[in-house]
1. Can you find, among SER98, ASN178, GLN192, the residue sitting farthest towards the positive end of the charge dipole of the chain, where Lys and Arg contribute +1 and Asp and Glu -1 at Cβ?
2. Could you please state how large a percent of the accessible area of the chain is carbon and sulfur, counting protein chains only and using a 1.4 Å probe?
3. Cross-link list LYS25/LYS108; LYS108/LYS221; LYS109/LYS134; LYS19/LYS56: which exceed 22 angstrom alpha carbon to alpha carbon?
4. For TYR182, TYR28, TYR224, what's the largest-to-smallest order of accessible area, 1.4 Å probe?
5. Evaluate the distance, in nm, between pseudo-label points positioned 7 Å from the Cα of SER202 and of ARG227 along their respective Cα→Cβ axes.
6. Could you check how many percent of all C-alpha pairs in the chain are farther apart than 27 Å?
7. In the neighborhood of LYS221, defined by Cβ-to-Cβ distances under 10 Å, what is the net charge if each Lys or Arg adds +1 and each Asp or Glu adds -1?
8. Using 1/(1 + (r/R0)^6) with R0 = 35 angstrom and r between the beta carbons of ARG31 and SER144, what's the FRET efficiency to the nearest 0.05?
Amino acid sequence: MNIIPAIDLLDGEVVRLTKGDYQQKKVYSSRPLDQARIFRDAGFGHIHIVDLNGAKSGRFENLVHIRAIIEELGVSVQTGGGVRSYQDVKMLLDAGISQVICSSMAVKKPDEWLRSLEAYSSRCILGLDLKDGKMAYGGWLETSDRSIEDFLQPMASSGLTTIVSTDISRDGTLEGPNIEMYRDLQNRFPDQNWIASGGVSSIEDLNSLAETGVAGAIVGKAYYEGRVTLAELGARV
């Protein structure tokens, strides 16, 4: 299981939200490049970065910081937040981002999303965020009643291979990940590479996630709050 360190950007600062609530933010650094350098120097060559401004506005307000991280540190980045069209996907990939994460577009503009998958299947990641068992999107402010099976079928046919899934009720809470949810998703959709996100609070949580068979886990607040060290995480890289 791959460990992917996370940087969430809001107004150019490294922050973490609790349960996706923009009113519950904590700032950890005003220098995202320095934080990314810490991850790179600890042995992580791939970073998960979310543009929280973009998730709400649809504009890539933190792209300048993301590009600086890629260009100055030589790391690869998977990023989401604000992706609304095929042209957005193309622009971000052309800007040097290795993989683009989409959630809202997959719900609101499925034709654009499927076009993106067909053109860049290995570089497009679905963001499947779950809120009270329903799919959430638009900065986690909206939900859909559509079944996951119905939602994923056309994407799999168009080349989808990787899904980042977050249980919003656990995100930023340090309460532990929803192990049963990830085990269920992995068992139901074994052909997808599942990346777990949200709730990790310890190395034991990562061990439990690894046992579900997921391909990766994103670690954010557990690191920022000192629950896990980079040395512990690096030992799993």
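The values are calculated or read from the model by the stated rules, or taken from the named source; none is laboratory data. The structure presented is a predicted model; accordingly, all values stated were derived computationally and were not measured. Every residue, glycine among them, receives a Cβ derived from its backbone with ideal geometry; neighbour counts consider all protein chains shown. Heads up: the accessible areas ignore ligands, DNA and RNA and are worked out on the full protein's heavy atoms, side chains in. Shrake-Rupley method; radii C 1.70, N 1.55, O 1.52, S 1.80 Å.
1. Towards the positive end, the residue furthest out is SER98.
2. The computed percentage sits at 43.
3. Correct reply: LYS25/LYS108; LYS108/LYS221.
4. TYR28, TYR224, TYR182
5. Going from the SER202 label point to the ARG227 one covers 1.0 nm.
6. Counting pairs separated by more than 27 Å, the tail of P(r) holds 26 percent.
7. Within the 10 Å Cβ shell, the charges total 0.
8. 0.45
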